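This report concerns only the one structure given below.
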Amino acid sequence: MLKIAFHPIYRHPLPEGHRFPMIKYDLLPQQLMYEGTCSAGNFFEPEIPNDKYILAVHEADYFYDLLNMKISPREARKIGFPLSEVLVERERIIADGTIKGCEYALEYGIAMNIAGGTHHAYTDRGEAFCLLNDQAIGARYLQKELKIGKILIVDLDVHQGNGTAQIFQQDPGVFTFSMHGSSNYPFKKETSDLDIALKKGTSDEEYLKVLKDVFPELLQEVKPEFIFYLCGVDVLATDKLGTLGLSPTGCKERDEYVLKKCRDLGIPLQCSMGGGYSKEIKVIVEAHANTFRLAQELYF
């Protein structure tokens, strides 16, 4: 069964006019249920995880400053959300959705998180709508609790996974791969194990050629026991914060290629949704929904 992490706290209230489309976290599960791709049984509700899983990634001073609302105004501005206790609770619950998703992926082959993909969170700080790095937390959980030896993080969001790169820079057990827009935030990139920066306006054909040239060799080289996939839909040409030129069809083909490869090789896969900032919310929801439709179709 396709297991999907979702909690009502995912849709967090923001000031009117804020550029982050929180409403997608309500609309996406509604759409999947309405069309029959999923039923209520597909969804599970994550909780607050044990702090030790978060502290395996994030520095204690930073994490406890978050919990106690002691983050400085300057640090809070970099995060981009008004800081509150509920926001921090939300981030912890998102991380638990990914942790539990790891276990479901090992059981069923794949698991999804309606939110997550918070790849701009570093060990000691948050940035760009990211406070705690959910897939990094999931990776450390697999390493420490389930003794998974080799992990691959595939980050195909339009923005480089700078926090993820920094977290695992000295960890040979986790290979970080980020394919992103060269002229997108972050303007000072970190160094992933493999970075591919794509030029402005990269088309479906160009994008998919690069991915299909690189991904099979990467799988052969790394031989991962588990894969995390950050499948942001901010690669779309319509995205307000992205610089690439993919169509909805191209974005879907990207996901289909990654999911099929993982399925065919029998590598467990956890997917977090990442970004999407197209002007029309229906474009964002439809692009994200395609990933879930493919997971259901290809695996079940």
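The values are calculated or read from the model by the stated rules, or taken from the named source; none is laboratory data. Because the structure is predicted, anything quoted here is derived from the model rather than measured. Heads up, the Cβs are rebuilt from the backbone with ideal geometry, glycines too, and the neighbour counts pull from every protein chain shown. All accessible areas refer to the heavy atoms of the entire protein, side chains included, with ligands and DNA or RNA removed. Shrake-Rupley method; radii C 1.70, N 1.55, O 1.52, S 1.80 Å.
When the residues of the range 43-62 are narrowed to those that are hydrophobic (A, V, I, L, M, F, W, C) and part of a loop (DSSP other than H, G, I, E, B), which ends up most open to solvent (accessible area, probe 1.4 Å)?
So the residue we want is I48.
Has the range 21-28 got any residue that is modelled with pLDDT under 95, within 27 Å of L241 (Cα to Cα) and surrounded by fewer than 14 Cβ atoms within 10 Å (Cβ to Cβ)?
Scanning the range 21-28 turns up at least one residue that is modelled with pLDDT under 95, within 27 Å of L241 (Cα to Cα) and surrounded by fewer than 14 Cβ atoms within 10 Å (Cβ to Cβ).
Quick one: D157 ticks every box in (1) surrounded by fewer than 24 Cβ atoms within 10 Å (Cβ to Cβ); (2) in contact (Cβ under 8 Å) with a residue 24 or more places away in the chain bar one, so which box is it?
D157 satisfies all of (1) surrounded by fewer than 24 Cβ atoms within 10 Å (Cβ to Cβ); (2) in contact (Cβ under 8 Å) with a residue 24 or more places away in the chain except (1).
Quick one: which of Y141, Y122 is of a type in the set (F, W, Y) and either outside any helix (DSSP H, G or I) or within 21 Å of C251 (Cα to Cα) (or both)?
Y122
Looking at the range 160-172, which of its residues are of a type in the set (G, A, S) and open to solvent by 10 Å² or more (accessible area, probe 1.4 Å)? Talk me through it step by step, then tell me what you get.
Within the range 160-172, the subset of a type in the set (G, A, S) is 161, 163, 165.
Listed by number, the list is empty, since nothing qualifies.
Given the criteria open to solvent by 60 Å² or more (accessible area, probe 1.4 Å), modelled with pLDDT of 95 or more and out of contact with any Gly (no Cβ under 8 Å at 6 or more places or on another chain), does K279 qualify?
no
Here are some conditions: (1) open to solvent by 20 Å² or more (accessible area, probe 1.4 Å); (2) β-branched (V, I, T); (3) assigned to a strand (DSSP E or B). I227 meets all but one. Which one does it not meet?
Of the numbered conditions (1) open to solvent by 20 Å² or more (accessible area, probe 1.4 Å); (2) β-branched (V, I, T); (3) assigned to a strand (DSSP E or B), the odd one out for I227 is (1).
Per-residue answers, yes or no, for (1) closer than 19 Å to E59 by Cβ; (2) surrounded by 19 or more Cβ atoms within 10 Å (Cβ to Cβ):
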| position | (1), (2) |
| --- | --- |
| V86 | no, no |
| E89 | no, no |
| G97 | no, yes |
| G116 | no, yes |
| T123 | yes, no |
| E127 | yes, yes |
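Can you name the number of the only condition in (1) over 21 Å from the mean Cα position of the chain (by Cα); (2) among the aliphatic types (A, V, I, L, M); (3) at negative phi; (4) modelled with pLDDT under 95 that M69 fails?
(3)
What residue, of F300, F292, is surrounded by fewer than 18 Cβ atoms within 10 Å (Cβ to Cβ), among the aromatic types (F, W, Y) and modelled with pLDDT of 95 or more?
Matching residue, one of F300, F292: F300.
Please identify the pairs in which a residue from the range 110-133 that is touching a residue at least 24 places away in the same chain (Cβ under 8 Å) and farther than 14 Å from H159 by Cα has its Cβ atom under 6 Å from the Cβ atom of a residue that is of a type in the set (D, E, K, R) and part of a loop (DSSP other than H, G, I, E, B), counting only partners at least 6 apart or on another chain.
Note: pairs meeting the criteria are T123/E59; D124/E59.
Pull out all pairs, ordered by first then second residue, where Cβ-Cβ is under 6 Å, the residues are six or more apart or on different chains, the first lies in the range 187-200 and is surrounded by 13 or more Cβ atoms within 10 Å (Cβ to Cβ), and the second is assigned to a strand (DSSP E or B) and modelled with pLDDT of 95 or more.
Partner pairs satisfying both residue conditions: S192/T176; S192/S178; D193/F175; D193/T176; L194/F177; D195/S178; I196/M179; L198/G181.
Based on what the data block shows, is V233 β-branched (V, I, T), open to solvent by less than 30 Å² (accessible area, probe 1.4 Å), under 30 Å from E107 (Cα atoms) and touching a residue at least 60 places away in the same chain (Cβ under 8 Å)? First the steps, then the outcome.
On the way: β-branched (V, I, T): yes; open to solvent by less than 30 Å² (accessible area, probe 1.4 Å): yes; under 30 Å from E107 (Cα atoms): yes; touching a residue at least 60 places away in the same chain (Cβ under 8 Å): no.
When the stated conditions are applied, V233 does not pass them.
How do the pairs read when you match residues in the range 1-21 that are without any contact (Cβ under 8 Å) to a residue 60 or more places away in the chain and closer than 11 Å to I114 by Cβ with residues anywhere that are surrounded by 14 or more Cβ atoms within 10 Å (Cβ to Cβ) and not β-branched (V, I, T), using Cβ under 8 Å and keeping only pairs 6 or more apart or on different chains?
R11/M22; R11/Y25; R11/D26
Name the residues in the range 255-271 that are out of contact with any Phe, Trp or Tyr (no Cβ under 7 Å at 6 or more places or on another chain) and open to solvent by less than 10 Å² (accessible area, probe 1.4 Å), would you?
Once the filter is applied, which keeps residues that are out of contact with any Phe, Trp or Tyr (no Cβ under 7 Å at 6 or more places or on another chain) and open to solvent by less than 10 Å² (accessible area, probe 1.4 Å), the range 255-271 yields D255, L259, C262.
Select, from L211, L152, the only residue that is open to solvent by less than 50 Å² (accessible area, probe 1.4 Å), closer than 21 Å to Q270 by Cβ and assigned to a helix (DSSP H, G or I).
So the residue among L211, L152 that is open to solvent by less than 50 Å² (accessible area, probe 1.4 Å), closer than 21 Å to Q270 by Cβ and assigned to a helix (DSSP H, G or I) is L211.
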